[in-house]
Amino acid sequence: VFRVRRVIERHGETFHAGGSDHKGVFGIISSAVAKRYATSAAVDGANRPLWMVVVRDDDTTQVTDTVVWAGLSLTILAIVERRLRGAVVLKVIVAH
């Protein structure tokens, strides 16, 4: 968990969600990858491009929040916790 947090703090970009600033690593993903994290109906109805944001395990972003980053306003489709040996290591946010 410590290593993942350090990578996100070092390489992540600041974004605004839920009234506060957060850090995450942003990337564009295909609809096939997005469907691993969000429902097919949500992905099929979403605007393109689809974005994946990797955030710390203790990030407080909620599905109802809007991510404001680099002049974009992104609607969140899903937030998924990724675990290793039972502990949450990071969260993946899928947005459009």
Subject >> The listed residue being out of contact with any Gly (no Cβ under 8 Å at 6 or more places or on another chain) and closer than 15 Å to V80 by Cα, out of V1, V33, V53 >> reply: V33
Subject >> region 55-65: number of residues that are surrounded by 20 or more Cβ atoms within 10 Å (Cβ to Cβ) and either among the aliphatic types (A, V, I, L, M) or not in a loop (DSSP other than H, G, I, E, B) (or both) >> reply: 2
Original post:
Of the residues V92, V54, which single one is touching a Leu at 6+ places or on another chain (Cβ under 6 Å), under 24 Å from R3 (Cα atoms) and touching a residue at least 12 places away in the same chain (Cβ under 8 Å)?
Top reply: V54
Original post:
Is it true that T75 is part of a loop (DSSP other than H, G, I, E, B), open to solvent by 30 Å² or more (accessible area, probe 1.4 Å), more than 14 Å from Y37 (Cα to Cα) and without any contact (Cβ under 8 Å) to a residue 40 or more places away in the chain?
Top reply: no
Original post:
Going by the structure shown, is S40 out of contact with any strand residue (DSSP E or B) (no Cβ under 8 Å at 6 or more places or on another chain) and among the hydroxyl-bearing types (S, T, Y)?
Top reply: yes
Subject >> Qualifying helices (runs of 4 or more DSSP H) (wholly inside region 1-47; at least 1 residues being open to solvent by 80 Å² or more (accessible area, probe 1.4 Å), of a type in the set (V, I, T) and touching a Pro at 6+ places or on another chain (Cβ under 9 Å)) >> reply: none
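The values are calculated or read from the model by the stated rules, or taken from the named source; none is laboratory data. Keep in mind that this is a model prediction, so the values were computed, not measured. With ideal geometry, Cβ positions are generated from the backbone for all residues, glycine too; neighbour counts draw on all protein chains shown. In case anyone asks, the SASA skips ligands and DNA or RNA and just uses the protein heavy atoms, side chains included. Shrake-Rupley method; radii C 1.70, N 1.55, O 1.52, S 1.80 Å.
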